[in-house]
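Where a number appears in this text, it was derived from the coordinates with a stated rule and is not lab data. Just so it is clear, the structure is predicted and the values come from calculations on it, not from any experiment. Glycine also receives a Cβ, built like all others from the backbone with ideal geometry; neighbour counts cover every protein chain displayed.
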Ligand SMILES: NC(=O)c1ccc[n+]([C@@H]2O[C@H](COP(=O)([O-])OP(=O)(O)OC[C@H]3O[C@@H](n4cnc5c(N)ncnc54)[C@H](O)[C@@H]3O)[C@@H](O)[C@H]2O)c1
């Protein structure tokens, strides 16, 4: 099979992780084009990618017959148009999180990919994290009994280069702040590991005036299965906190995921030392390589897409419901933020 020829679109901070991940799949795919409105950034990534060609106009990417797939790494609010144009040009698409600003935009992107018969892969690294998949399996196998709830923490400070990309935290540009940009990674874990969410409440605030939107939020969730969840998400803590964690509590045991290595441990009273390491060394570090592996399995080998656009839509729906809850000071059911529900919501 010929290697997939990938165009990297948006050569900013995260595109470097994509370059490294593709280098680990060099036998299956290669980045052949780097596109950015900033020529220097495109040139720098192209060099890292081993000599890809450089363009500053996205139209050149989608009209290039030698490009099989595009990797959308532009700011959130630019994802929609880029994904739709690529799908209509018959390119396979991987789009970084969050999928888009609104559910209507997500629907248009998903429909465009379906109509064109191309893959839309939602690029959330947590979605295929081995520890997440193993935690899900352990819960389904009953290893913690009946699940009663989840607790997640994703709190840190990413000043420096992240601050220089201020669009990220400006709700007027992207539709949100830290929850949309960062907390959404842990919302994916909540949904993926513990099941669909029915309703949320949220408090959101800001401690760093230099950030435009909310930088700290607490989201409480009621899962459809009746269990409860909590997420503390912040971009205002003093340091990159290495202890990001996700814990699932059950009537017979507890699963804890986290720490610098992203390990997964099962805690039960009937285990030696009350614990069993399900995954000793997690893969926060190579989660991009893992993600790209799943993506290539989908587009090259026809395997079921483990992270389709609908996953990104569901993640965004929880974020939008949380923002609505913070605004209105009440519990918001997810169905209330569905597009057809918006007239009532505004009333
Ligand atoms: N998975 C993760 O852990 C993770 C981490 C960071 C960012 N992201 C996501 O990746 C995306 C990009 O984030 P980033 O941190 O790299 O941002 P960034 O601002 O560093 O990079 C964005 C790049 O897009 C370029 N760009 C803007 N408009 C363009 C256009 N029309 N055509 C081509 N290039 C254009 C900019 O010049 C910039 O270089 C965001 O959606 C973000 O949420 C994911």
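Things worth noting here:
- Crossing angle, helix 39-48 versus the chain [Cα axis fit, 0-90 degrees, rounded to tens]: 80
- Note on residue 107 and residue 252: the model spin-label points, each 7 Å out from Cα along the C-beta direction, lie 4.2 nm apart.
- GNM result for the chain, Cα springs below 10 Å: residue of 122, 162, 58 fluctuating most strongly: 162
- Ranked list, fewest to most other Cβ atoms within 10 Å of each Cβ, for 256, 245, 233: 245, 256, 233
- Gain in span if fully extended, residue 275 to residue 294, counting 0.36 nm per residue against the direct Cα distance: 3.8 nm
- When every Cα-Cα distance of the chain is counted in 20 angstrom steps from zero, the calculated P(r) takes the values 30, 59, 11, 0 percent.
- Ellipsoid fit via the Cα gyration tensor, segment 4-118: semi-axes of 22, 15, 13 Å, each the root of five times an eigenvalue, largest first.
- Using C-alpha pairs under 8 Å with a sequence gap of at least 6, the mean separation divided by the residue count of the chain gives a relative contact order of 18 percent.
- Listed by Cβ neighbour count within 10 Å, with the fewest neighbours leading, 140, 338 appear as 140, 338.
- Highest average packing first - 126-139, 174-187, 301-314, Cβ atoms within 10 Å: 174-187, 126-139, 301-314
- Angle in degrees between helix 184-194 and the longest Cα principal axis of the chain, rounded to the nearest 10: 60
- Sorted by Cβ density within 10 Å, fewest first, the residues 333, 168: 333, 168
- Cα pair distances exceeding 14 angstrom across segment 210-274, given as percent: 70
- Between the helical axis of 103-116 and the longest alpha-carbon principal axis of the chain there is an angle of about 50 degrees.
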